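The values are calculated or read from the model by the stated rules, or taken from the named source; none is laboratory data. Worth saying up front: this structure is predicted, and the values here are computed from it rather than measured. Here the Cβ is made from the backbone with ideal geometry for all residues, glycine too, and neighbour counts use every protein chain on show. Areas reflect the complete protein model, heavy atoms only, side chains present, ligands, DNA and RNA absent. Shrake-Rupley method; radii C 1.70, N 1.55, O 1.52, S 1.80 Å.
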Amino acid sequence: MKVKKYVVESMPQAMKAIRSDLGEEAVILHSKQIRTGGFLGLFTKAKIEVLAAVDPVEKLSVKKNSAPPEPSMKDNQSFMKQQLSELNTLVSQMSQMPKVSSGSYPKVVEDVLAYLRLQEIDEAILENLEAPMLEYYYLHRRPNSNQLMKWTKNWFTNQFKASEWSGPFKKYVSVVGPTGVGKTTTLAKLAAKCVLEQNQKIAFITTDTYRISAIEQLKTYASILNAPLTICYNGEDFKKALLETKAYDVIFIDTAGRNFLEPQYVNDLKKIITFQEDLQTFLVLALTSKASDMKAIYERFASLPVDQLIFTKRDETTHKGSLLNMLYRYGQRAAFTTNGQDVPEDVSSFKIEEFIDDVFGDWKDE
């Protein structure tokens, strides 16, 4: 039985050293937080003391013309007592250890990580999460899965706090994105918020001349909000519309939703819309989309000055981890999420703490 003690900064550091020194078959017998260094009890540093052990398999080697000396009876008895003592200690300590999964993590850690994967959280995020999660687990006397999930939710909230966008809108607000994500309805919801909550004068401009239904839909919203609507077929129309709406507080610009796989779509947008300094662009994505499609859509629109993201159809999926994946991968911020068709009720500002509660709302301790 080989037993070794480590004093380290974190549990991941300990596990790396244990695997290196004792191999994959090693087990952690005990861990506790200690303080080292300092002077007269001051300026000490927090460390972790870890006790690990492994039962090595001895390799026998035979040398020619030599034989090992026969151990005496006294040596055998002493050796057996030592082995029995170490074995009893190991059995006692291992009975108090948590169950370990095939992934070599404690079972409650594996349960939480498995749940996050079900929520389609990207592996890149989980890799950053694992080390602090293990450190929390071992430093806080092996919390149960509910306690660990509470810590995990706090970790996500802190990691993505900077992803919130609090406004205000610039003078010109445009929404872009592929067909079917709900751009026109989302635009109307944002406009209605400005009218009803900020008492602002708003106007609409649309460059979506490909779908008659989209124009009629926006006309209906404009009529309800008592706002003018200008239809633009080319760049000259757009410049003229900007001048005509100059007196309004906020001008909302709708764009055509077409096949995002066609590069020409984005190029056509650039020909019509002048993406100037006082124009704010939101890329609209549907949470019901496949993760690979969401990435492809973002990268297709990356040549435009996208300011923030809006995620629609939050109420139409039970797996919302893709939102966090997009924020993490592209360092973007989320401005709003939508969860229905009602205007303006079914749109809300993105708040990470509330969103995390929603994403992990169906967690149950198994």
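Taken across segment 351-360, residues that are under 21 Å from GLY167 (Cα atoms), free of Cβ contacts under 8 Å to residues at least 60 places away in the same chain, not in a helix (DSSP H, G or I) and not hydrophobic (A, V, I, L, M, F, W, C) do not occur at all.
For segment 289-304, the tally of residues that are over 13 Å from VAL176 (Cβ atoms) and of a type in the set (A, V, I, L, M) stands at 3.
When TYR298 is tested against the conditions (1) free of Cβ contacts under 8 Å to residues at least 40 places away in the same chain; (2) more than 18 Å from SER163 (Cβ to Cβ), the lone failure is (2). Taking segment 198-228 as the range and being among the charged types (D, E, K, R), open to solvent by 50 Å² or more (accessible area, probe 1.4 Å) and modelled with pLDDT under 90 as the test, the residues that pass are ARG211, GLU216. Specify the residue that is modelled with the highest pLDDT; the eligible residues are those in segment 31-56 that are on the phi > 0 side of the Ramachandran plot and touching a Lys or Arg at 6+ places or on another chain (Cβ under 8 Å). The qualifying residue modelled with the highest pLDDT is GLY37. Filtered by the rule that a residue be out of contact with any strand residue (DSSP E or B) (no Cβ under 7 Å at 6 or more places or on another chain), farther than 14 Å from THR337 by Cα and charged (D, E, K, R), segment 262-319 gives GLU262, ASP268, LYS270, LYS271, GLU277, LYS290, ASP293, LYS295, GLU299, ARG300.
Return a yes/no flag: does segment 296-314 have any residue that is small (Gly, Ala, Ser), farther than 22 Å from PHE169 by Cα and surrounded by fewer than 18 Cβ atoms within 10 Å (Cβ to Cβ). Yes, the conditions are met somewhere in segment 296-314.
Could you tell me whether any residue of segment 176-186 is under 21 Å from ASP237 (Cα atoms) and either open to solvent by 40 Å² or more (accessible area, probe 1.4 Å) or hydroxyl-bearing (Ser, Thr, Tyr) (or both)? Checked segment 176-186: at least one residue is under 21 Å from ASP237 (Cα atoms) and either open to solvent by 40 Å² or more (accessible area, probe 1.4 Å) or hydroxyl-bearing (Ser, Thr, Tyr) (or both). Within segment 13-30, the set of residues being farther than 14 Å from LYS47 by Cβ and either assigned to a helix (DSSP H, G or I) or at pLDDT 80 or above (or both) comprises MET15, LYS16, ILE18, ARG19, SER20, ASP21, LEU22, GLY23. Of everything in segment 302-326 that is of a type in the set (Lys, Arg) and part of a loop (DSSP other than H, G, I, E, B), the residue that is modelled with the highest pLDDT is LYS313.
Give the residues of segment 260-284 that are in a loop (DSSP other than H, G, I, E, B) and either among the hydroxyl-bearing types (Ser, Thr, Tyr) or open to solvent by less than 70 Å² (accessible area, probe 1.4 Å) (or both), sorted by residue number.
Those that are in a loop (DSSP other than H, G, I, E, B) and either among the hydroxyl-bearing types (Ser, Thr, Tyr) or open to solvent by less than 70 Å² (accessible area, probe 1.4 Å) (or both): PHE260, ILE273, THR274, PHE275, GLN276, ASP278.
Identify, please: which residue in segment 331-347 is modelled with pLDDT of 85 or more and open to solvent by 50 Å² or more (accessible area, probe 1.4 Å) and is, among those, farthest from CYS194 (Cα to Cα)? Filtering segment 331-347 for residues that are modelled with pLDDT of 85 or more and open to solvent by 50 Å² or more (accessible area, probe 1.4 Å), the one farthest from CYS194 (Cα to Cα) comes out as GLY331.
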